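One structure is given below, encoded as structure tokens.
Since every read-out is calculated from the coordinates, none of them should be taken as a lab result. Please read these numbers as outputs of a predicted model, since none were measured by experiment. Note: ideal-geometry Cβ built from the backbone for every residue, glycine included; neighbour counts use all protein chains shown.
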Amino acid sequence: MNIFRFAGDMTHLMSILILLLKIYATKSCAVGISLKTQELYALVFLTRYLDQFTDYVSLYNSVMKVVFIASSLAIVWCMRRHPLVRKSYDKDLDTFRHQYVLLACFVLALLLHEIFTFQEVFWAFSIYLEAVAILPQLVLLQRSGNVDNLTGQYVLFLGAYRGLYIINWIYRYFTEDHFTRWIACVSGLVQTALYADFFYYYYLSWKTNTKLKLPA
Amino acid sequence: GRRNVMKDEL
């Protein structure tokens, strides 16, 4: 465990807590949040942590896996079932066809994986899926034009978590002899690149002190 | 085993 990875996990946790805060603090409204992105994230955690009960790595690892699975399912449940939240969710705006993304990631996982076993194929699937899971959210933000600051911070923390993970991989590459995780590294780079344009507009809006506008 | 070592990240 190194500080970059720990900081990455904490900012990832923060992004999820910001979302939960947004849903409850704004009187349980889910405006500007993409349910599809939240469902994809829940699937990422469920398919990645299949080894939760078979491979014990550390207490920290096990606890964080439970927290990520529970919190992501809580957000999906809340946006689907909670009487107030589901009313504020704008499904006409959240129309990204995420089925294609699911299919593409699964086919890619069948082709590109470390070992052809059930767990490894689903682990690779979860890595690819995480890279593109933010797309429905970014499309929704572009559609709705304005980004309220909690949602903006949510995406910002998610990007920070990925950025810190890339530094963690660079650090591990130089400090550990046999550290190679090509699938996670390449996929993580793609994911961080997806955030880059959002960061650019976020920085512009912060610098010019105007409301964050994403080009439609 | 090998799997443990490689999959120590979240």
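Give the calculated FRET efficiency between A:K213 and A:Y171 to the nearest 0.05, with a Förster radius of 41 Å applied to their Cβ-Cβ distance. That pair, A:K213 with A:Y171, gives E of 0.70.
By the count of neighbouring beta-carbon atoms within 10 Å, fewest first, A:M64, A:M79 end up ordered A:M64, A:M79. Once the Cα atoms are used to define both axes, helix A:35-48 deviates from the longest principal axis of chain A by about 10 degrees.
Leaving out same-chain residues fewer than 8 places away, which aspartates and glutamates sit with a Cα under 20 Å from that of A:K36? Result set, ordered by chain and number: A:D90, A:D92, A:D94, A:E130, A:D148. Mean sequence separation of contacting Cα pairs (under 8 Å, at least six apart), scaled by the length of segment A:68-216, corresponds to a relative contact order of 24 percent.
Magnitude of the charge dipole for segment A:64-199, about its Cα centre and with charges confined to Cβ atoms of Lys, Arg (+1) and Asp, Glu (-1), is about 480 debye.
Remark: for residue pairs A:K65/A:K207; A:K27/A:K207; A:K91/A:K211; A:K27/A:K65; A:K87/A:K207; A:K22/A:K211, the C-alpha separation exceeds 26 Å in A:K65/A:K207; A:K27/A:K207; A:K27/A:K65; A:K87/A:K207. A Gaussian network model of chain A, with springs between Cα atoms under 10 Å, assigns the largest mean-square fluctuation among A:Q191, A:Q142, A:Q99 to A:Q99.
Tilt of helix A:59-81 relative to the longest C-alpha principal axis of chain A, in degrees (0 to 90, nearest 10)? On a 0 to 90 degree scale, this one is about 30. Relative to the longest principal Cα axis of chain A, at what angle does helix A:149-175 sit, 0 to 90 degrees, rounded to 10? For A:149-175 against chain A, the angle is about 20 degrees.
Simple point charges give the picture: +1 on the Cβ of Lys and Arg, -1 on the Cβ of Asp and Glu, and for segment A:46-102 a dipole about the Cα centre of about 240 debye.
As a rough footprinting exposure proxy, the listed residues A:I69, A:I23, A:I33 were ranked by other beta carbons within 10 Å of their own, and the order from fewest upward is A:I69, A:I23, A:I33.
If you build a Gaussian network model of chain A, linking Cα atoms that sit under 10 Å apart, which residue out of A:Y203, A:Y56, A:Y173 swings the most? The residue that fluctuates most here is A:Y56.
When Rg and the Kirkwood Rh are both derived from Cα coordinates, the Rg/Rh ratio for chain A amounts to 0.96. Taking 0.36 nm per residue of separation and subtracting the Cα-Cα distance, full extension of the segment from A:V190 to A:R86 would add 34.3 nm.
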